[in-house]
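Report on the following structure.
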Amino acid sequence: MNKFVAVQDCGLIINEKTAESQVFGAMIMGVCFSLFEERVMDDVTGRPLNANMEFYKLAGIGDIGDFVVHMWKDDPEQDARGVIGLGEPPANSPAAAIGNAIANAIGVRVPQAPFTPARILEALEKKGGLSS
Amino acid sequence: MNAFEYAAPTTKEQAVSLLGSQWGETEILAGGTDLLSLMKDNLTTPKRVVNIKDIKELQGVKYSGSSGLRLGALLTLEELLSNATVKKEYPALAQAAEGVSSPQIRHVGTVGGDLCQRPRCWYFRSGLGYFPKATGLQGPAFAFSGEKSFAEEVTNESGKDLIVNGKNEYHAILGNSGPAYFVHPSSLAPALIALDAKIRIFGSAGWREVSAEQFFVTPKNDGDRETVLKPNEILGEIIVPSSQGNPERDIRSPAKGGPGLAPSLLRL
């Protein structure tokens, strides 16, 4: 992850700093579930195998790139809509955006998150390699 | 976690006399980074925990050009990697210690503890032992209308090897004919083996010595452990002969802070 830009339209902004923080938080969550978070179950017994913070992976500080948050503001029409929720909306798009970036880079879609190295290799294999 | 007796001996002789003759009766505590999670997950339920951190003799690091490097088992990984002599004479060891994720673990985790870690195999950590097998009938827990009933869909997978047939992306695939398939999690072991290190073990009969390579064994039974240590012995110190610097390459999972997947070392 090098750079990640979010533009958020959330109606009237009461406190810009905390509104931005919501978006930063959602982006971090987005990187986590797009690249790392996965529940692993044993197929035979149905047992969860990674119900701990060791194997249920989250992004560390080194996995988070340069984040840019741009709040859509100073638009009288948007402000007139009043206050709209901001907790969840910015968490919706990261997986799609990261998935698109990967497809753009390798020329094939990786259809399942998290986009792990193994899944990327699998998608490339189906396509017949990087070169074609 | 169960209640247990706690002992904090100050000599290695006392420590050995406090250890039981069966695995699991007693456990040795040094940094505790692995032991605590094992105890919290009920993977070991010792009657007595023997804290060896107060044994001064097993601490410290010493170097001489002729006899090489002596690492006390209680040396922390941070002390190892920040030691100027180690950095200069044995860069591979310093790098290997650096490969142990998170500064918090490096500051309490010890050199001896790194070598005595239990497998990180997620079947083992789920309490299924080294050789997890399917038991009895497996089938869907619920059948909705129009679907096959439990009795129709159930399959007898009893005895099926869960690791070989299951989620094994973190398991050993090279140089391992089984029956246990975990990768040893030690970060220092490849470096110590490549550097021809000797592991010195203290027991009731005194010191004995094995090469780092011979220290590790693949367990054949669920009661066994992964090293040649006996239940009432202590890994006391490690002797590394004088050597040239060695490069190391560590293969890790992508998330930072995770355990190494396959530490490796190339000696040139």
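Pairing the Cα long axis of helix A:117-127 with the longest principal axis of chain A, what angle in degrees results, from 0 to 90 and rounded to the nearest 10?
So the helix axis and the longest Cα principal axis differ by about 70 degrees.
Give the lysines reachable from A:K73 as a straight Cα distance under 23 Å; neighbours fewer than 8 places away on the same chain don't count.
A:K3, A:K17
Using alpha carbons only, how many degrees (0 to 90, rounded to 10) separate the axis of helix A:16-35 from the longest principal axis of chain A?
Once rounded, one gets 10 degrees.
Can you tell me which of A:90-102, B:186-198 comes out highest on packing, and rank the rest after it, using the mean Cβ neighbours within 10 Å?
So the peptides A:90-102, B:186-198, ranked by packing, come out B:186-198, A:90-102.
Using the 10 angstrom Cβ neighbour count as an exposure proxy, how do B:V217, A:V23 rank, fewest first?
By the 10 Å Cβ count, ascending, the order reads B:V217, A:V23.
What FRET efficiency comes out for B:E13 versus B:K88 if R0 is 35 angstrom and r is the Cβ-Cβ distance? Round to the nearest 0.05.
0.50
Using modelled amide H (1.01 Å from N, peptide plane; none on Pro or chain starts), what sits under 5 Å from the amide H of A:G60, excluding residues fewer than 5 places away?
Here the answer is B:K256, since their amide H atoms fall under 5 Å of that of A:G60.
Go through B:K133/B:K220; B:K62/B:K87; B:K12/B:K56; B:K40/B:K160 and tell me which ones have a Cα-Cα distance over 19 Å in this structure.
Among B:K133/B:K220; B:K62/B:K87; B:K12/B:K56; B:K40/B:K160, the Cα-Cα distance tops 19 Å for B:K40/B:K160.
To the nearest 10 degrees, how steeply does helix A:94-106 sit against the main Cα axis of chain A, on a 0 to 90 scale?
50
Would you mind checking which residues have amide H under 5 Å from B:K133's amide H? H placed 1.01 Å from N; only 5 or more apart, or other chain.
Distant-sequence amide H within range of B:K133: B:L162.
Let me know the mean shielding of B:5-14 by other chains, meaning the per-residue number of their Cβ atoms within 10 Å of its Cβ.
What the average comes to for B:5-14 is 0.
Residue by residue through segment B:219-235, which ³J(HN,Hα) values in whole Hz follow from phi under the Karplus form 6.51 cos²θ - 1.76 cosθ + 1.60 (θ = phi - 60°), with glycine and proline marked x?
x, 9, 10, 4, x, 6, 10, 9, 10, 7, 4, 8, x, 10, 10, 10, 6
For B:K88, list the aspartates and glutamates whose Cα falls under 17 Å from its own Cα; do not include residues on the same chain fewer than 8 positions away.
Counting by Cα, and skipping residues close in sequence, B:K88 has these aspartates and glutamates nearby: B:E78, B:E79, B:E98, B:E248.
Take peptides A:49-55, B:109-115, B:26-32 and line them up by average Cβ neighbours within 10 Å, highest first, as a rough protection proxy.
Ranked from most to least packed, the peptides come out as B:109-115, B:26-32, A:49-55.
Taking beta carbons within 10 Å but only from partner chains, what does the mean come to for residues A:47-57?
5
I'd like the FRET efficiency for A:M41 and B:S66, computed as 1/(1 + (r/R0)^6) with the beta carbon distance as r and R0 of 51 Å, rounded to 0.05.
In this case the efficiency is close to 0.35.
A short reminder: the numbers here are calculations on the coordinates, not readings from a lab. The structure presented is a predicted model; accordingly, all values stated were derived computationally and were not measured. Note that we place each Cβ from the backbone using ideal geometry, even for glycine, and neighbour counts take in every protein chain shown.
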